[in-house]
Amino acid sequence: MDVVVAGTGIAGLFLADELSRIGYRVLMVSPGLHSSSSYRAQGGVAAPILEEDSVESHLQDTLRAGDGLGDRERIVRMISEGREILLRLVEEGFPFDREDGRLALSMEGGHSRRRILHSGGVQTGRNLVEYFLNRVRGMVRHVRGYVVDVVVDGGRARGVVVWDGEGIRIIYSRAVVVASGGYASLYTSSTNPDTSRGILMWNLYRRGLPLENLEFVQFHPTVFHAPDGSRILISEAIRGDGAILIDGRGERFVNERDTRDRVARAIFRKGKVYLYAGHLDRDFLLEKYRMLVEKLREYGYDLTKDPIPVYPAAHYTIGGVKTGLDGETDIVGLRVIGEAASTRVHGANRLASNSLLEAMVMARRASRALADELPGLDYREVPHFPDPVPIDLPGRGLLDRYAFVERDGLEITRAVENLEDGIVRLILMSALLRKESRGVHYRRDFPERDERFRGYIVWHRGEWSWEPSK
């Protein structure tokens, strides 16, 4: 096998499509073809495709949302190259929604203008995954399982360790791409699939790769917490279309189009909050938000007329393996892309609908870099004796209590005192070290932004370091 890809979300599928079409043999590993966070993504993909919009405008919105952090040069590349990719998808006939023959663009929190392309109303991620699955069908192999580690020999990636629910197997390859998502399901209150626990990320750290920005976890403000434990995300696109947030007295209390971090904190502090769209056109809601209407109806709520109770839930992890936009790492033949990577394009708070954009840009760049690199990478089955595989990680569930929307240093200190080593400990320690409030990271004991902390916390081989922002 030439390349093994961990994950079948947008990042992994896009890369698999690119490489397989130039003749490389690609195998993808995931619990299921629809098991990714990408498949659940509702809102859409952001890009300045209209003449009256610009890369600079999108850049400024991204930086503003990032609350003083963000790599300007990488953000410009992401936006510029992402626009190219989206225009190509339009030309290829991907079914982005249209109005009167023109692309229908949504407005979401933090954006200064309508620039969100969407498909099937709020089924953009699902439709993108299906689109790329159809493109790679018959060209790319898929194995069910969880990639829990990478086989490394002499600084070279030689394959992956896969757990299939019953035992361990090794799949060897010339190169490995990790596109397995983030760690938001380490929170019990999460919109992510249960597999997003950061197990592979932690093992890559143990292999010597640096992790950064772990304290920056984004909470989606408007999640319906169903009685059966399900978490139903209600896309902020509906707030862009005019839905409002009201408290228990029926009063509005926040700018619904503000950035996610601010809206999530406002809801968290109120506690009892409802999303209301009953004043919007019913036919419009049934057309664009049919999936949500039908899902909420299962629990006795009518989105077209009822106030829907909402509360924040862990949604997206900005931190991850430290990489550039090509997904490059210090292990030869190993690249990390998508939510598993930290590229510093999201700053301290991701701008809505920039995640699928980053995923596709990283996938294209990584595929092109690998196409140049693969001729020099050989295939070798090296002896490998996997460590005991942690199917769960120490401290899962602690994050809901100690690293939710608002945090407190004294509480975190108590939480980590007897906590075993693991990614949960690194997340909590990062939140403790950042003695300020910035973006998605809010400390009650340090409620203001402090420019002394304008930078990044990086963990490497058991030690942390500080890298100032450019």
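The values are calculated or read from the model by the stated rules, or taken from the named source; none is laboratory data. What you are looking at is a predicted structure, and each value in this text was computed from that prediction instead of being measured. No Cβ is skipped: glycine too gets one built from the backbone with ideal geometry, and neighbour counts run over all protein chains shown.
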Of the residues in the range 96-110 that are part of a loop (DSSP other than H, G, I, E, B) and touching a Leu at 6+ places or on another chain (Cβ under 7 Å), the one that is surrounded by the most Cβ atoms within 10 Å (Cβ to Cβ) is Gly110
Scan the range 124-139 for residues that are in contact with a helix residue (DSSP H, G or I) (Cβ under 6 Å, 6 or more places away or on another chain) and closer than 21 Å to Ala41 by Cβ and jot them down. Gly125, Arg126, Leu128, Val129, Phe132, Arg135, Val136
Condition first: under 20 Å from Ile85 (Cα atoms) and surrounded by fewer than 24 Cβ atoms within 10 Å (Cβ to Cβ). Can you find one or more residues in the range 348-364 that meet it? yes
Just to be sure before I move on: is Ile49 assigned to a helix (DSSP H, G or I), in the same structural domain as Arg98 (by TED's automatic domain parsing) and in contact with a Lys or Arg (Cβ under 9 Å, 6 or more places away or on another chain) in the structure I sent? no
Filter pass, Leu356 being assigned to a helix (DSSP H, G or I), within 22 Å of the chain's Cα centre (by Cα), assigned by TED's automatic domain parsing to the domain that holds Arg115 and within 21 Å of Ser106 (Cα to Cα): yes
Among the residues of the range 83-93, is there at least one that is surrounded by fewer than 24 Cβ atoms within 10 Å (Cβ to Cβ), at pLDDT below 95, in contact with a strand residue (DSSP E or B) (Cβ under 8 Å, 6 or more places away or on another chain) and assigned by TED's automatic domain parsing to the domain that holds Thr323? no
Cβ pairs under 6 Å, 6+ apart, first in the range 356-368 and closer than 21 Å to Ser119 by Cα, second surrounded by fewer than 24 Cβ atoms within 10 Å (Cβ to Cβ): Met360/Ile85; Val361/Glu81
Evaluate the following for Val162: is it under 13 Å from Gly7 (Cβ atoms) and in contact with a helix residue (DSSP H, G or I) (Cβ under 8 Å, 6 or more places away or on another chain)? no
Tell me yes or no: at least one residue of the range 404-415 is of a type in the set (Gly, Ala, Ser), in contact (Cβ under 8 Å) with a residue 60 or more places away in the chain and surrounded by 15 or more Cβ atoms within 10 Å (Cβ to Cβ). no
For the range 117-217, give me every one of the strands (runs of 3 or more DSSP E) that falls completely inside it and has 1 or more residues that are in contact with a strand residue (DSSP E or B) (Cβ under 7 Å, 6 or more places away or on another chain), surrounded by fewer than 24 Cβ atoms within 10 Å (Cβ to Cβ) and without any contact (Cβ under 8 Å) to a residue 60 or more places away in the chain. 168-172
Which members of the range 224-274 meet the condition of being under 21 Å from the mean Cα position of the chain (by Cα), surrounded by fewer than 23 Cβ atoms within 10 Å (Cβ to Cβ), of a type outside the set (A, V, I, L, M) and not in a helix (DSSP H, G or I)? Phe224, His225, Ser230, Arg231, Arg257, Asp258
The range 430-470, residues that are over 22 Å from Glu406 (Cα atoms), of a type in the set (S, T, N, Q) and in contact (Cβ under 8 Å) with a residue 12 or more places away in the chain: Ser469
Counting only residues in the range 416-438 that are among the acidic types (Asp, Glu) and either touching a Gly at 6+ places or on another chain (Cβ under 6 Å) or within 23 Å of Gly320 (Cβ to Cβ) (or both), the one surrounded by the fewest Cβ atoms within 10 Å (Cβ to Cβ) is identified as Glu420
Kindly indicate whether any position in the range 306-320 is in contact with a helix residue (DSSP H, G or I) (Cβ under 7 Å, 6 or more places away or on another chain), in a loop (DSSP other than H, G, I, E, B) and buried (at least 24 other Cβ atoms within 10 Å of the Cβ). no
Among residues belonging to the range 439-470 that are of a type in the set (D, E, K, R) and under 16 Å from Asp67 (Cβ atoms), point out the one that is surrounded by the fewest Cβ atoms within 10 Å (Cβ to Cβ). Glu448
